[in-house]
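The structure under discussion appears below in the form of structure tokens.
Just so it is clear, none of the values below were taken in a lab; they were calculated from the coordinates. Here the structure is a predicted model, which is why all the values come from computation and not from measurement. Every residue, glycine as well, gets a Cβ built from its backbone with ideal geometry; the counts of neighbours run over all protein chains shown.
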Amino acid sequence: MLIIDDIDRAIVDVEANEIVSNDGVVHLRKLLNSLVSRFSQSLDSLDGDEKREIGIRINKLKKCVELKINKFYAQSSRTEGEIVDSDLTLPCLDHISCRHPLKIQCNKMVDCFTSLGFIQVETNEIEDDWHNFTALNIPEYHPARDEQDTFFIDGGGLLRTHTSNVQIRILEQCKIPIRCFSIGRVFRNETISARSHCFFYQLECFCVDRNVNISDLKSTLLYVIHYLFGRNIKMRIRPSYFPFTMPGIEVDMSCIPCGGVGCQLCKYSGWVEICGGGMIDPNVLNNVGIDNKLYSGFAIGMGIERLSFLINKVSDIRLYDINVTEFLRQFCM
């Protein structure tokens, strides 16, 4: 490939270049920025394997420049007390930065739902009982609270167990029609393992207006799945139970690795669960002062880590939080 050959030649040229002054450092850094910018512009038309190969070589080029500059500074500062004149405003080459895979996925979700006309909103991670449980049709005696055991704060309050608290706060404050979504951290008192964590990221999307029905929910879900995974992916809806929806549903999509035939990832069913949702329970609308005879709505809840699992084929949720550079470098494209 021509791009790879160009990068390899640039690496050879850098290795042969000996820096003798600070002007040489500035020139080499400007040359590096120019080359990286030129090579990066060619990535959009390439597939994943080619991008990965070019990314590895670009990182090698950056490392080569870094070693040359460090060698020059080490030689220049051998005399005790000598001050090396350097431009402190130049970017550091010790670390190559990139977006976290969860941030990449969050950005995709923002693009997806804003293209549908939904507005992104943010609310509290520290909540009270009303907004996190009671207003969502989960009173104190309800068994669903056992499934969402969370971290309670001395003096009152708790860490939210889902982003559905956003739904309550927005419905209390805003006028109908409402089309909103929110992405943020939620917290559960769970044992940390390869498939679960005490905190994770979740998306909440909801719409309330006159004559909103389950067909609107289905069409929204189908658009989201096609936006994220492609139009050849199939979707199915299964009935389920959530205290704050009636009816409640769980959504599956056809397994990508096996094409719906059956594999270990989908437990040989051909389907992978992707999210839950349903029509907002009339009691929830009443709790926030909305007449459920005039208005209806739907809500969707998605785990960001689950989506990232499917897209990036990650097998252990703990990798997202323990700063393993070998794992994170895969996303430096």
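Potential lengthening of the chain between Asn312 and Lys71 amounts to 83.0 nm, from the contour at 0.36 nm per residue minus the alpha-carbon distance.
Here the Karplus curve 6.51 cos²θ - 1.76 cosθ + 1.60, taken at θ = phi - 60°, turns the phi angles of segment 105-112 into couplings of 5, 4, 5, 5, 5, 4, 4, 5 Hz, with x standing for Gly and Pro. Modelled this way, with points 7 Å down the Cα-to-C-beta line, the labels at Asp129 and Val324 are 4.1 nm from one another.
The convex hull around the C-alpha trace of segment 115-251, projected and averaged over every direction, spans 9.9 square nanometres. By the count of other C-beta atoms within 10 Å, a proxy for reagent exposure, Tyr268, Tyr201, Tyr141, Tyr223 are ordered fewest to most as Tyr141, Tyr268, Tyr223, Tyr201. Other residues with beta-carbon under 13 Å from the beta-carbon of Asn132 carry, at +1 per Lys or Arg and -1 per Asp or Glu, a net charge of -3. Here, segment 254-318 has an Rg and a Dmax of 17.5, 48 Å when only alpha carbons are counted. If you take the Cα centroid of segment 272-291 and the Cα centroid of segment 128-199, the two points sit 14 Å apart.
Under 17 Å of direct C-alpha separation, and excluding same-chain neighbours fewer than eight residues apart, Lys51 reaches these lysines: Lys60, Lys62. Neighbour counting of Cβ atoms within 10 Å sorts the residues Asp49, Asp154, fewest neighbours leading, into Asp154, Asp49.
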